[in-house]
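Shown next, in structure tokens, is the structure this report addresses.
The values are calculated or read from the model by the stated rules, or taken from the named source; none is laboratory data. Since the structure is predicted, the reported quantities are computational estimates derived from the model, not experimental observations. As a convention, Cβ positions derive from the backbone with ideal geometry for all residues, glycine included, and neighbour counts pool all protein chains shown.
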Amino acid sequence: MDAVPEIRRGSRVLVTGAAGGFGEPTVARLREIGAQVIGLDRTAGDGVIACDVTDDAAVTAAVDEAVGRLGGLDAVVHYAGVGTPNDAGGPLEPDAMRVLQVNLLGAWRVTAAALPALLDGAGRRGGKGRVVFVASELAYLPLPFVSAYSVAKRGMSAYADALRVEYGTELAVTTVYPGYVRTPIHDEGRAVGLALEGQVLGQQVDDIVGTVLRALTAARPRRDTAGSRFGEVELWAGRHLPWLIGTVVARRVRSRAAAGVFDSSPLAAGLVRRLTGRSVPTVTAPVEQRSS
């Protein structure tokens with residue numbers, strides 16, 4: 001990739017999910033290096049504009065306001081997301097569709113709304129604008145009850161590829177693939193007995209924030225990157241050895257089901273019955289949606 005003007009003092013950056021577990025420290029780090037940052041999140045705050053990324057009009061208005069406050073735009077970072085568990089054979093509404101709307105289409109909406117300002121900023125600087133998508137290793141690592149999340153994150157990766165093809169002369173696009181990081185996005189899974197902890201390589205918030213900052217400040221930002229060295233190995237295997245990863249995951253899921261790991265989760269009742277022949281309750285109460 002050709003050298004691209006780095007995000008540094010005076011650069012103008014928009015961050016979605018800015019009040020979340022990744023967004024808040026990223027905003028703070030960017031401000032420490034002198035960048036101007038405006039965030040988007042569900043609730044307004046200091047330097048954060050309230051925005052529902054599932055609403056076209058709300059996104060257009062919020063991005064326009066952010067660009068106006070910043071006086072232009074040099075980069076966008078996408079963190080906004082929800083992690084509602086779902087059954088791959090269940091209905092789209094409400095849970096699966098909500099995940100797709102926020103995690104995939106929300107990033108698409110914000111990027112499209114920000115694109116004119118990004119291209120204008122790149123032209124004025126004589127370089128390229130930057131877009132960083134924070135996807136997930138779950139885009140390529142199949143696990144039960146995260147089908148909507150995995151589809152959204154793999155779709156995000158495909159959308160990033162499309163941007164490179166169509167706008168690569170004026171945009172540098174990086175996709176980051178975190179492993180498991182303990183942030184509020186996992187609260188919903190824990191609440192219904194479907195915690196991901198221990199199923200995906202564990203990483204720290206600083207690993208991901210640091211990776212995003214490198215994508216923004218490097219002269220030659222990477223196209224795709226995990227959040228750690230071991231994460232790179234796991235991501236590579238998921239992308240290039242899907243048959244092997246699928247076999248390993250299937251065996252692990254069967255073992256966990258036999259051990260009763262999923263018995264406390266009504267959402268997993270069908271899987272437990274199919275794999276073990278045992279019956280568990282199938283009704284669960286709704287849980288509050290949380291962003292990362």
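Select, from G106, G121, G90, G39, the only residue that is modelled with pLDDT of 95 or more and more than 15 Å from the chain's Cα centre (by Cα).
G39
Quick check on this structure: which one of V151, V110 is touching a residue at least 24 places away in the same chain (Cβ under 8 Å) and crowded, with 21+ Cβ neighbours inside 10 Å?
It is V110.
Determine whether R273 is at pLDDT 90 or above, among the basic types (K, R) and loosely packed, with under 13 Cβ neighbours inside 10 Å.
Answer is no for this residue.
Considering only segment 27-48, state which residues are in contact with a Gly (Cβ under 9 Å, 6 or more places away or on another chain), buried (at least 21 other Cβ atoms within 10 Å of the Cβ) and not in a loop (DSSP other than H, G, I, E, B).
Those that are in contact with a Gly (Cβ under 9 Å, 6 or more places away or on another chain), buried (at least 21 other Cβ atoms within 10 Å of the Cβ) and not in a loop (DSSP other than H, G, I, E, B): V27, V37, I38, G39, L40, D41, V48.
L118 - would you say it is touching a residue at least 40 places away in the same chain (Cβ under 8 Å) and either of a type outside the set (D, E) or not assigned by TED's automatic domain parsing to the domain that holds T174 (or both)?
Taking the combined requirement at face value, the residue satisfies it.
Scanning segment 3-58 for residues that are hydroxyl-bearing (S, T, Y) and in contact (Cβ under 8 Å) with a residue 40 or more places away in the chain, which turns out nearest to D206 (Cα to Cα)?
That would be T26.
Among the residues of segment 208-262 satisfying the criterion of being free of Cβ contacts under 8 Å to residues at least 40 places away in the same chain and touching a strand residue (DSSP E or B) at 6+ places or on another chain (Cβ under 6 Å), which is farthest from R278 (Cα to Cα)?
T211
When the residues of segment 195-233 are narrowed to those that are closer than 13 Å to V176 by Cα and of a type in the set (D, E), which ends up modelled with the highest pLDDT?
Residue satisfying both the conditions and the ranking: D224.
Could you please find all residues in segment 49-92 being part of a loop (DSSP other than H, G, I, E, B) and among the small types (G, A, S)?
Hits for segment 49-92 are G71, G72, A80, G81, G83, A88, G89, G90.
Taking segment 217-268 as the region of interest, how many residues are of a type in the set (V, I, T) and under 23 Å from V165 (Cβ atoms)?
1
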